[in-house]
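Enquirer: So that we are looking at the same thing, I have put the structure below in structure tokens.
The values are calculated or read from the model by the stated rules, or taken from the named source; none is laboratory data. Since this is a predicted model, take the numbers as computed values, not measurements. As a convention, Cβ positions derive from the backbone with ideal geometry for all residues, glycine included, and neighbour counts pool all protein chains shown.
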């Protein structure tokens with residue numbers, strides 16, 4: 001399917017592996033020129049080689065607003081502009097109300113909320129001026145259905161979702177859409193580390209009967225970046241195999 005984004009320029013944060021890489025791969029397949037970010041040069045070089053000639057690597061740590069802003073600026077320099085921004089970052093450590101310190105919430109907010117806001121502040125103005133843009137943030141299904149022991153992530157990502165919905169309303173008339181995707185359990189190194197590499201039991205707990213694939217997740221995200229998705233904005237889309245049990 002032609003997504004109508006051939007030649008568009010996309011910046012995908014934290015994309016040398018996992019869900020970010022899945023998104024970058026889908027965008028490259030759709031004909032976009034993509035700048036991906038990662039903390040380490042080694043993984044970044046490998047990812048760029050796998051993605052091909054339309055991919056560019058940017059060494060960046062997006063865990064802070066300054067690092068997030070620097071990533072977007074470097075991606076713009078590599079690409080000559082940014083039409084698509086995919087905000088992404090790792091998650092804070094597990095914690096509960098009893099174990100999380102008050103300072104830990106600030107760290108989580110920096111990582112999973114304020115850094116994404118900084119990316120938007122750097123990228124969105126040029127999209128508005130151009131009259132076309134796509135912003136998609138990778139959050140978590142925990143925004144809808146909090147996950148036990150992840151109180152820091154649950155809180156920070158919910159805050160980001162509120163920001164994205166507000167931003168979507170403010171820039172809609174300028175041809176810029178703003179959405180988020182809420183992944184459930186996908187087959188990534190992080191998930192395999194948590195479950196010791198055995199994902200059968202986890203898959204059995206998901207209504208579709210299997211754990212998600214990062215490539216599938218990437219293609220769903222790429223659809224939100226497409227020309228055809230111009231009427232879709234302010235959406236927080238679960239991509240979780242039916243794990244979220246709510247009606248809205």
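Enquirer: Considering segment 223-248 alone, what residues qualify as being touching a strand residue (DSSP E or B) at 6+ places or on another chain (Cβ under 9 Å), outside any loop (DSSP other than H, G, I, E, B) and in contact (Cβ under 8 Å) with a residue 12 or more places away in the chain?
Expert: Those that are touching a strand residue (DSSP E or B) at 6+ places or on another chain (Cβ under 9 Å), outside any loop (DSSP other than H, G, I, E, B) and in contact (Cβ under 8 Å) with a residue 12 or more places away in the chain: 224, 229, 230, 236, 237, 238, 239.
Enquirer: How many residues are surrounded by 13 or more Cβ atoms within 10 Å (Cβ to Cβ) and at positive phi if we restrict to segment 215-248?
Expert: Matching residues across segment 215-248 total 2.
Enquirer: Search segment 46-66 for residues being out of contact with any helix residue (DSSP H, G or I) (no Cβ under 7 Å at 6 or more places or on another chain) and assigned to a helix (DSSP H, G or I), and hand back the single one that is surrounded by the fewest Cβ atoms within 10 Å (Cβ to Cβ).
Expert: Out of the qualifying residues, it is 49.
Enquirer: Hey, another quick one. With respect to the numbered conditions (1) surrounded by 17 or more Cβ atoms within 10 Å (Cβ to Cβ); (2) in contact with a helix residue (DSSP H, G or I) (Cβ under 7 Å, 6 or more places away or on another chain); (3) under 30 Å from residue 6 (Cβ atoms), which one is the sole condition not fulfilled by residue 212?
Expert: With (1) surrounded by 17 or more Cβ atoms within 10 Å (Cβ to Cβ); (2) in contact with a helix residue (DSSP H, G or I) (Cβ under 7 Å, 6 or more places away or on another chain); (3) under 30 Å from residue 6 (Cβ atoms) applied to residue 212, the lone miss is (2).
Enquirer: All but one of (1) assigned to a helix (DSSP H, G or I); (2) over 17 Å from residue 135 (Cα atoms) hold for residue 26; state the number of the condition that does not hold.
Expert: Only one criterion in (1) assigned to a helix (DSSP H, G or I); (2) over 17 Å from residue 135 (Cα atoms) is unmet by residue 26, namely (2).
Enquirer: Give the residues of segment 67-87 that are assigned to a helix (DSSP H, G or I) and either on the phi > 0 side of the Ramachandran plot or surrounded by fewer than 22 Cβ atoms within 10 Å (Cβ to Cβ) (or both), sorted by residue number.
Expert: 67, 69, 70, 73, 74, 76, 77, 78, 79
Enquirer: Follow-up. Mind checking which pairs have a first residue in segment 21-37 that is touching a residue at least 12 places away in the same chain (Cβ under 8 Å) and on the phi > 0 side of the Ramachandran plot and a second that is surrounded by fewer than 24 Cβ atoms within 10 Å (Cβ to Cβ) and assigned to a strand (DSSP E or B), Cβ under 7 Å, 6 or more apart or different chains?
Expert: none
Enquirer: Restricting attention to helices (runs of 4 or more DSSP H) lying wholly within segment 91-180, give those where 3 or more residues are within 28 Å of residue 9 (Cα to Cα) and in contact with a strand residue (DSSP E or B) (Cβ under 6 Å, 6 or more places away or on another chain).
Expert: Because the criterion is at least 3 residues that are within 28 Å of residue 9 (Cα to Cα) and in contact with a strand residue (DSSP E or B) (Cβ under 6 Å, 6 or more places away or on another chain), the helices (runs of 4 or more DSSP H) in segment 91-180 that meet it are 115-130, 151-171.
Enquirer: Pairs please, first residue from segment 198-214 and touching a residue at least 24 places away in the same chain (Cβ under 8 Å) and at negative phi, second anywhere and in a strand (DSSP E or B) and surrounded by 14 or more Cβ atoms within 10 Å (Cβ to Cβ), Cβ atoms under 6 Å, 6+ apart in sequence or on different chains.
Expert: From segment 198-214, the pairs are 212/186; 214/186.
Enquirer: Need the failing condition index for residue 184 against (1) buried (at least 20 other Cβ atoms within 10 Å of the Cβ); (2) in contact with a helix residue (DSSP H, G or I) (Cβ under 7 Å, 6 or more places away or on another chain); (3) at pLDDT 95 or above, just the number.
Expert: (3)
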